[in-house]
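Here's the structure we're looking at; comments come further down.
The values are calculated or read from the model by the stated rules, or taken from the named source; none is laboratory data. Please read all numbers here as calculations on a predicted model, not as lab measurements. Because the Cβ atoms are built from the backbone with ideal geometry, glycine has one as well, and the counts that use them run over all protein chains shown.
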């Protein structure tokens with residue numbers, strides 16, 4: 001009779017599987033948090049690259065202030081490369097060469113990025129730059145528009161020369 005009243009000394013297979021299931025759910029939650037952190041880090045790096053590219057363009061335009069009116073770029077426009085290192089160039093050609101170099105750098109830093117650059121000559125030159133690039137975390141864009149389509153991040157700035 002004492003044999004029937006004994007208490008078990010270990011875990012049953014069912015208890016062990018339940019504990020493993022809880023552990024798996026906790027690991028899945030941690031992995032989801034890690035994924036969100038990595039996406040936020042990627043978005044922050046993209047934004048940092050956008051600001052750096054705007055600063056680079058501003059500096060390029062400071063070197064050739066007389067060519068400010070020629071620094072123009074449409075949304076899907078690809079500037080053509082002009083060689084101003086081995087031959088003399090006009091202000092428009094310098095601006096075109098700068099835009100081509102800058103655009104190639106933009107595509108290296110922010111793949112699939114697009115840019116719109118406009119310069120107005122009313123009084124002091126007013127420059128407006130808008131950068132648009134795809135982003136997985138931008139799918140929650142509440143108001144997609146032509147300026148900032150769905151699933152894209154957008155950044156815009158303006159300055160005077």
Identify the single condition in (1) touching a residue at least 40 places away in the same chain (Cβ under 8 Å); (2) part of a helix (DSSP H, G or I); (3) more than 23 Å from the chain's Cα centre (by Cα) that residue 52 does not satisfy, given that it satisfies every other one.
(3)
Give me the residue from segment 81-91 that is part of a loop (DSSP other than H, G, I, E, B) and in contact with a helix residue (DSSP H, G or I) (Cβ under 8 Å, 6 or more places away or on another chain) and, out of that set, surrounded by the fewest Cβ atoms within 10 Å (Cβ to Cβ).
83
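Just for segment 62-80: of the residues that are assigned to a loop (DSSP other than H, G, I, E, B) and modelled with pLDDT of 85 or more, which one is surrounded by the fewest Cβ atoms within 10 Å (Cβ to Cβ)? Give the steps one after another, and end with the answer.
The initial filter retains those residues of segment 62-80 that are assigned to a loop (DSSP other than H, G, I, E, B), namely 64, 71-72, 74-80.
Then keep just the ones that are modelled with pLDDT of 85 or more; that gives 71-72, 74, 77-80.
Working: 71: 25, 72: 15, 74: 12, 77: 14, 78: 12, 79: 21, 80: 9.
Ranking the qualifying residues of segment 62-80, first place goes to 80.
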Of the residues 19, 67, 40, 32, which is farther than 16 Å from residue 114 by Cα and touching a helix residue (DSSP H, G or I) at 6+ places or on another chain (Cβ under 6 Å)?
67
Criterion (surrounded by fewer than 18 Cβ atoms within 10 Å (Cβ to Cβ) and in a strand (DSSP E or B)) met by exactly one of 112, 128
128
Answer yes if at least one residue in segment 32-44 is surrounded by 14 or more Cβ atoms within 10 Å (Cβ to Cβ), touching a residue at least 12 places away in the same chain (Cβ under 8 Å) and under 28 Å from residue 152 (Cα atoms), and no otherwise.
yes
Does any residue of segment 140-157 turn out to be surrounded by 12 or more Cβ atoms within 10 Å (Cβ to Cβ), over 25 Å from residue 38 (Cα atoms) and touching a strand residue (DSSP E or B) at 6+ places or on another chain (Cβ under 6 Å)?
yes
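Does residue 136 meet the test of being closer than 19 Å to residue 54 by Cα and either modelled with pLDDT of 90 or more or surrounded by fewer than 19 Cβ atoms within 10 Å (Cβ to Cβ) (or both)? Working first, answer last.
Numbers: closer than 19 Å to residue 54 by Cα: no; either modelled with pLDDT of 90 or more or surrounded by fewer than 19 Cβ atoms within 10 Å (Cβ to Cβ) (or both): yes.
No: the conditions fail for residue 136.
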